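Okay, structure first, notes after.
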Amino acid sequence: MAARRAATIEARSSPRGALRWLRLAAWLAPEFGDPHRRLIRHYRTLDDRWAAYHASRRAVIRFPHSADAWMLAGEAAELVFRQAEALTAYEEVLVLEERADAGLAAAALYSRAGQHADAAARFARAYAAGGGMDALRQNAESLGRAGDTAASEEAMRLFRELSNRAGTT
């Protein structure tokens, strides 16, 4: 009911009114789901990154076993330049379930921090979780940056072989 009311108000171009209803819907929701995603998305459209961050933190406190809540918390932490918190959130997602998006996000943060061996490990996990050929290529590049030339060459060989099989050179 509250989520429908928020959608109606959003359609009428009353962002602040919709915000009240979205907060109510998120508060009433018995599990993490669409009201929480919509609330955080709405904060982002209002360009209120800190409110999105705080809403995502409340969601993981309330739903600590929800990989989706942790993923959203990681994304919101990145919005406010809290890379360490974002990485912790993505790692928590990977503890709860193997997800390519969490592996790729964690790997990107490790790579930016210059921790190439850790980045390579997360790119490998992302590839194994269905992250696609780009995750395998990035794994090979991170292995090279980490100084493991043999593993990097082997990963690139596998990438080229699979790319040729798929017809995507």
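Working carefully through the options ALA73, ALA108, ALA117, ALA77, find the one that is in contact (Cβ under 8 Å) with a residue 24 or more places away in the chain and either of a type in the set (Val, Ile, Thr) or crowded, with 17+ Cβ neighbours inside 10 Å (or both).
Only one candidate passes the filter, namely ALA77.
Could you list all residues from the stretch 57-87 that are charged (D, E, K, R) and over 10 Å from the mean Cα position of the chain (by Cα)?
ARG57, ARG58, ARG62, ARG82, GLU85 - these are the residues of the stretch 57-87 that are charged (D, E, K, R) and over 10 Å from the mean Cα position of the chain (by Cα).
Quick one: which of ARG37, ARG44, ARG23, ARG57 is within 26 Å of ASP118 (Cβ to Cβ), part of a helix (DSSP H, G or I) and among the basic types (Lys, Arg)?
ARG57
Can you name the residue in the stretch 120-169 that is farther than 26 Å from GLU91 by Cβ and basic (Lys, Arg) and, of all such residues, is surrounded by the fewest Cβ atoms within 10 Å (Cβ to Cβ)?
So, considering only residues that are farther than 26 Å from GLU91 by Cβ and basic (Lys, Arg), the one surrounded by the fewest Cβ atoms within 10 Å (Cβ to Cβ) is ARG165.
Here is a list: LEU143, LEU162. Which entry is at pLDDT below 95, at negative phi and over 14 Å from the mean Cα position of the chain (by Cα)?
Only one candidate passes the filter, namely LEU162.
Scanning for something under 30 Å from GLY131 (Cβ atoms), modelled with pLDDT of 95 or more and touching a helix residue (DSSP H, G or I) at 6+ places or on another chain (Cβ under 6 Å), does the stretch 21-28 turn up at least one residue?
Within the stretch 21-28 (the criterion being under 30 Å from GLY131 (Cβ atoms), modelled with pLDDT of 95 or more and touching a helix residue (DSSP H, G or I) at 6+ places or on another chain (Cβ under 6 Å)), the answer is no, since none of the residues qualifies.
For the structure I just gave you, tell me whether TRP50 is crowded, with 22+ Cβ neighbours inside 10 Å, aromatic (Phe, Trp, Tyr) and either at negative phi or in contact (Cβ under 8 Å) with a residue 60 or more places away in the chain (or both).
For TRP50, the condition - crowded, with 22+ Cβ neighbours inside 10 Å, aromatic (Phe, Trp, Tyr) and either at negative phi or in contact (Cβ under 8 Å) with a residue 60 or more places away in the chain (or both) - is not met.
Looking at the structure I just gave you, is ARG16 surrounded by 15 or more Cβ atoms within 10 Å (Cβ to Cβ), basic (Lys, Arg) and modelled with pLDDT under 90?
For ARG16, the condition - surrounded by 15 or more Cβ atoms within 10 Å (Cβ to Cβ), basic (Lys, Arg) and modelled with pLDDT under 90 - is not met.
Here is a list: GLU91, GLU98. Which entry is surrounded by 13 or more Cβ atoms within 10 Å (Cβ to Cβ), among the charged types (D, E, K, R) and assigned to a loop (DSSP other than H, G, I, E, B)?
Only one candidate qualifies: GLU98.
The values are calculated or read from the model by the stated rules, or taken from the named source; none is laboratory data. All values reported here derive from a predicted model rather than from experimental measurement. Heads up, the Cβs are rebuilt from the backbone with ideal geometry, glycines too, and the neighbour counts pull from every protein chain shown.
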